[in-house]
Structures are given as C-alpha cells and as structure tokens.
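Input: a single structure, listed below in structure tokens.
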Amino acid sequence: MTDGVAAAARPGGRVALAPALGVAAIWLFLLLFLVYPLLRIFWDAFTDEAGRLTVGHFVEFAGDAFYRRSLVNSLLLGVGTVAATSALGVTIAFLLVRYDFVGRSLFSYLTLIPIISPPLVGVLGVTFILGRAGTVNVLLMDWLGVARPFNFIYGLHGVMLVEALHLFPMITLNVVDALAKIDPALEEAAESVGARGWRKLRTITLPLTTPGYVAGALLVFIWTFSDFATPLVLGVHDLLAAQAYLNIVQFVDRRLFRMGIVISALMVVLAVVFLVAARRYVAIKDYSSLAYSRVARRRLSGAGQAAVVLFLSLVMLASFIPYLGVVLASVGRGWSLTPFPEQYTLQYFERVIVETPKYIVNTFLYAGLAVALCIAVGVPIAWLLARTRVPGRDMLDGLNTLILAIPGTAIGIAYIRAFHVPLPGLERGLTSYWIILPLILAVRRLPYTVRGSYASLLLVHRSMEEAAASVGAGGVRTFRDITLPLIWRGVLVGSLFSFMTSLQEASAVLFLSLGGWETMTVGIFSFYIAGSANEAAALGVILIVVAAVTLVLINRIAGARMGGMFG
C-alpha cells in the first residue's frame, strides 16, 4: 500500500480502477461544490450585465466612501478581536498547561464552554443582559438612580466584545495543543545555558507555539470578518459582511445586488491573502513535532493561585453572560424594564419543539447528512495526503485549507449564483432543493474531518500496513483490519466537530434557506427579527445543549489534541 494509488496500479487494470475512480470522485466533488461556485462569483464580479469583462464594479466600490469605511471597519474589527482573543487565549493556555492551581481541571472544561454557542445565540443573550433595557442597565437605574442607560454593546465595540467572548477558546485550544507538542528537552537545554523566565519564554516557548497560535488567530479573524448576523443584531451596518448580506437579500436594486457579489469576491480575496501570508509566515514542520509530552506543571503559591483563580473566574463570568441571558429569555415571561423575568414558563420550548419542530428536525437531518459526506470524502482525502504521492496532492491539501479561510457569507452567495440555473432534466436549480443545505455544510466542515483523520494516520507507522500487505492482505483489507482500528478516534473527533459546527452554521445557510426547510440558526434569526425573542432563545438553548454534549464527547476522546482541529 506504500504510495497508495500508484502502488495500486497492478497488471490487469481492474484493481487500479477503483482507487482511480475514488480519486476522480473526490476531485469532482471539490470542483463542483467548491471551485466552481468560487469561480462563478469572480466571473460575476468581473463582468457587466452583457457578460463583458470589466473592473468597473471594483472601481465603483473603491469610489464609495461608505464601502471604504465598511472595509476599514471590518479590518479593524478583525484585528481588534484577534488582539483581544489572543490576550485572553494565550494567557489562559499557559496557565492551564504550565501551572498547577486549585480548580485547574474545572477551568480547563469551562474554557471550552464559550465555543459551543454560535455568535448569533451569544449576541441574543448579551442583549438581554447588557442591552439598553437589559438587566445591568435596569439595576443601575433602579439602585443607583442612573438617568440614562449605558451603551454597553450597540456599536463596533459591542461586536468585538461578543466575538471575543465567543472565540477566545480557539486561541486557547491551539496554543494548548502547540504547548503539548513542545519537547521539554528544548526548554531544559535553554535553561542549561542560562535562558530562564522571560528570555526562555521569548526565545524558545513562544516561537514554538507560533504555528498553533497563527492558525487560531487566522480562524478568529476570518470568523469575525464574515459574521454578519452579530453586527446586524447590534445595529452595525458599515461592515463588509453586513453589506454583502443586505445587498444580496434585497433583490430589487440590480446595482446593489451586483455590489453584494463584488464584496463577496473581495472577502474571498482578502481571506486567501491572509491565509497565504499566514502559511508563508509559519512553516509547521520547522517548528513542532507530533510528539505529545507530559509537561511538569509549576505549583503556584497561595497568592498566585488566588490571583489566577480570580482572573479565570472573571473571564468565565463574562463568557457566561450570553448563556444567562438566553436561558432566562427562553423560560421568562414579562421581562421588560425589569432586571429579571417576572414569570417563568416552558411554553416557548413547547412552541419550537412540539408546534414547529421543523427547525430541530431539519438541523439534525442536514448536520447528519453533512457529516456522512465529510466522512465519505474527508477520510479518503486524509489517506491520500498521508499515504500517497498522487498527482495534485499539494493542491488537494491547499483546497482543504482554503475552505477554512473562505468566509461563510461569501460561499453562501457563491452557491446562490452558481446553482440557481435549472439542472438538466429539471425545471429548477439546485438552490430550490433542500439538499443544497447539507451539501454546503459538508463543504464548510470538511477540513475538520480531514484534519482529524490525517493526524491519526500520521501516528500509524507505515510498517504496520506494509507488514499486512507482505502477508497478502489487499488494500481494502489492510485498511479495514489495520488502519481503521487505529485511526477511528481521529475520524470520530473530526466528525463530531464537523457535526457540532454544522449545527451552528448561520452565515452560509441564511442565504440558501427555503420555506419549510429552515435550520435552527435560521429560525433563531427569523424569530428575533420578527420580535419573538423568547422562541429564538428557546432554540438557542437547545442548540447549546446539543453542542455541549458533543463537545464533552470530543474532549473525552481528544483531550489536549482537540486544538489540532483548527491548526
């Protein structure tokens, strides 16, 4: 099985045909559902109504002061969120990995909690607690006689706050993963030549965590850059993602519609530029090994432990504000200009579970199908990357990485443009069928399954597969009896992460949602826009519970290696 597809080419041709068809099917899937939509959006951005090539749309974008401000605000928001999440995430990662203190294990679990709630749910919870009529402002007015409510969240600073509280675990997980890969001998060698404390941290430890940190920072930036739901809920419209969404969904003004496409193309270009810059800056093989070593933790003094526990408690308290707001809103009635709801009921859960179960049923259906597709396509991709030198392998790796960088807003708009034309033999395009939703979810979450499987394959020495082959085991039998039992944990972790993040997907599916086939995130957005915030909160709580259970499973299986899903 060494060299995979090449080795599978045996006389007779029949045996070699199956892997060749498998590789062709993988490329067909990626070309059809990733490359073609992206090319289509660039074609639309660089052509006029008559199909002539032009850069006029980009000139118009550059000449519009509002769009320029939106671009600058988006970049500032992304940079600011990365800075805030880095300060929190790196500090927490170092505390959890390198120091021993009371409650360390508990905090290591609590740190993961913020990531289980999509920003759309988090921003709803924040508005209930920190909004103008939220709990904090009501208490300030009632207890301290404050005349006017404070603006805690409405504006760019509020978007940054919500995104930072949600996304800092991405930095933490990646840095924890990177720290676990550092060979202790390197730091011991530094200490032997006098490099201790800050100097050791600056010259040895931090550089070795660079790959993990940059991967997390890039994802935080892209996630913030492409999120339009959070800014719209907080009344911020002068951002690229928000403008792309508003321009596309209005469907009346052709100029605005075209500008939405141009903005989407620009977001893809910027994301690719950031990705290439990050990959050029970081060469993973030069920094880290695949060996996970047990790290000796330093026991903190009493005062040090108190300071660390206080710091982590404050961060966790701030992170749980959205959850408190969502939970109270999901069971509260008569919550208006009062610190807390005056009555409690389960009627909102009854409404979304019994009366309109479509949101939950559809979400599980789409996420399940998406995970099945991720396994069917992702595991073979991981095998090709880890075990073969098949032509196009580097491009396959590049496309898989590119998916992580493409903003959900842009890929959603790209699907609208690419698949609205009638299919052969049908009167409607793919966008008129619900199957488009699990397809886009599978494409969006494919990298997690690939990375989980790929990391496991790297830990299985080829000699074991070669030994099986030497006693006559064929490729399929070797994979079934030798490889699969050794990599199933990685496949399962990647699949569970793909499932959890599919449940949370909002940016892409909001563009493609069909009447009667909406997901939970679409339902949350629709309920909130329609003024039914309690039903939106009830759906949010269900989403959080399911994601929490999934995350517990992932954490029990993967442990500190979970950060590798993002890297």
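The values are calculated or read from the model by the stated rules, or taken from the named source; none is laboratory data. This structure is a prediction, so every number in the text was calculated from the model and none was measured. Cβ atoms come from the backbone with ideal geometry, glycine included; neighbour counts cover every protein chain shown. Remember, those area values only see protein heavy atoms, side chains included, never the ligands or the DNA or RNA. Shrake-Rupley method; radii C 1.70, N 1.55, O 1.52, S 1.80 Å.
Along the axis of the charge dipole computed for region 20-175 (Cβ charges of +1 for Lys and Arg, -1 for Asp and Glu, origin at the Cα centre), the listed residues 20, 77, 55 are led at the positive end by 77. Normalised by residue count, region 338-393 yields a Cα convex hull volume of 153 Å³ per residue. Its Cα gyration tensor gives region 149-221 an equivalent ellipsoid, and the semi-axes of that ellipsoid, as √(5λ) in whole Å with the largest first, are 35, 14, 8. The residues of region 336-390 expose, per residue, 49 Å² of accessible area to a 1.4 Å probe. Between rounded, prolate and oblate, where does region 11-100 land on the alpha carbon gyration tensor, with a ≥ b ≥ c its root eigenvalues, rounded for a/c under 1.5, else prolate if a/b exceeds b/c? Cα axes put region 11-100 in the oblate bin. Counted by Cβ distance under 12 Å from residue 501, the other residues give a net charge of +1, where Lys and Arg count +1 and Asp and Glu count -1. The smallest convex shape that holds all Cα atoms of region 325-479, its convex hull, gives 231 Å³ per residue.
The residues packed around residue 308, meaning those with a beta-carbon under 14 Å from its beta-carbon, carry a net charge of +4 if Lys and Arg are +1 and Asp and Glu are -1. Against the empirical curve 2.2 N^0.38 Å, the C-alpha radius of gyration of the chain lands at a ratio of 1.01. Note on region 121-277: percent of Cα-Cα distances in each 5 Å bin, starting at 0 and stopping at the bin with the largest distance, equals 2, 8, 12, 12, 13, 12, 11, 10, 8, 7, 4, 2, 1, 0. Taking N as the residue count of region 404-511, its C-alpha radius of gyration divided by 2.2 N^0.38 Å amounts to 1.46. Per residue, the solvent-accessible area of region 146-195 (1.4 Å probe, heavy atoms of protein chains only, all protein chains present) comes to 39 Å².
Is the C-alpha gyration tensor of region 52-169 telling us rounded, prolate or oblate? Criteria: a/c under 1.5 is rounded; beyond that, a/b larger than b/c is prolate, otherwise oblate. In terms of gyration-tensor shape, oblate. Taking every full run of DSSP H in the chain, the ones that stretch at least 27 Å from end to end by Cα along their long axis and average 0.0 or higher on the Kyte-Doolittle scale are 65-98, 156-181, 206-226, 254-281, 302-331, 358-387, 436-458, 484-504, 533-558. Remark on region 183-244: hydrodynamic radius 14.6 angstrom, per the Kirkwood mean of 1/r across alpha carbon pairs. For residue 49, the shell of other residues with beta-carbons less than 13 Å away shows a net charge of +2, using +1 for Lys and Arg and -1 for Asp and Glu. When Rg and the Kirkwood Rh are both derived from Cα coordinates, the Rg/Rh ratio for region 414-471 amounts to 1.34. Sorted on the mean count of surrounding Cβ atoms within 10 Å across their residues, most packed first, peptides 411-417, 235-241, 475-481, 396-402 read 411-417, 235-241, 396-402, 475-481.
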